[in-house]
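S.K.: Structure provided below as structure tokens; questions to follow.
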Amino acid sequence: KYYPWLMPLSIGLFVVMMMAPAYMLYHFLTHGKDLHALARIVNVIPLSALVYLLAMGLAMTVVNYVYHWHRLRGAQEPPELSPSEALTHVVIVCSYKEPIEVLSRTFESIAAQRGLHRRPIAVLAAEWRDPTWRESFKTLKAQCGDRLGRLMS
């Protein structure tokens with residue numbers, strides 16, 4: 001709904017905002033280089049034009065927020081997939097000496113995903129020199145291995 005108007009309004013506001021300083025600079029350079037000439041040029045701009053530009057800038061911000069709100073409304077719901085489009089989600093979690101509480105919370109979140117046709121595959125990618133990775137993997141396997149498609153290390 002709002003997208004066709006968003007670009008022309010943004011371009012128009014950009015052109016107006018860019019032309020005002022160029023207009024002032026042109027008159028400053030052609031009518032003298034003293035500060036009084038610059039002050040006279042600034043005083044020539046009606047206050048209503050400045051208020052209009054400010055209002056347009058604020059209105060464009062509101063229009064932008066409304067557009068993105070409408071565009072993203074309902075994005076929290078998982079999309080409907082047909083059975084032929086079933087995806088396999090693979091999540092790789094990299095860790096090095098991570099506390100088991102952090103890993104447990106992460107893997108519980110992976111196992112609790114909704115709207116998937118297949119259970120996700122989770123991979124614990126730990127460094128070989130991490131002395132705790134084997135114990136962490138055993139704990140995670142016991143904790144949520146049955147709710148994942150596969151748990152690998």
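S.K.: Within the accessible area of the chain, what % is carbon and sulfur when the probe is 1.4 Å and the other protein chains stay in place?
M.R.: With neighbouring chains kept in place, the figure for the chain is 65 percent.
S.K.: In the Gaussian network model of the chain, springs joining C-alpha atoms below 10 Å, which of 89, 70, 36 carries the largest mean-square fluctuation?
M.R.: Between 89, 70, 36, it is 36 that shows the largest mean-square fluctuation.
S.K.: Can you give the relative contact order of the chain as a percent, counting alpha carbon pairs under 8 Å and 6+ residues apart?
M.R.: Result for the chain is 20 percent.
S.K.: Which sequence of 80, 108, 127, 135 reflects their accessible areas, 1.4 Å probe, from the largest down? Don't skip to the answer; put the middle values down first.
M.R.: Details: 80 170, 108 55, 127 80, 135 115 Å².
Putting 80, 108, 127, 135 in descending order of accessible area: 80, 135, 127, 108.
S.K.: Please give the charge dipole size of the chain, origin at the Cα centre, charges +1 on K and R Cβ atoms and -1 on D and E Cβ atoms. Round to the nearest 20 debye.
M.R.: In total the dipole reaches around 140 debye.
S.K.: Can you work out the accessible area per residue across the chain, with the rest of the protein chains kept in place, probe 1.4 Å, in square angstrom?
M.R.: Details: 11700 Å² over 153 residues.
Heavy-atom SASA per residue in the chain reads 76 Å².
The values are calculated or read from the model by the stated rules, or taken from the named source; none is laboratory data. Everything numeric here is computed off the predicted structure, so don't read it as measured data. We place every Cβ from the backbone using ideal geometry, glycine too, and count neighbours over all the protein chains shown. Each accessible area value is taken on the protein alone, full model and side chains, heavy atoms only, with ligands, DNA and RNA left out. Shrake-Rupley method; radii C 1.70, N 1.55, O 1.52, S 1.80 Å.
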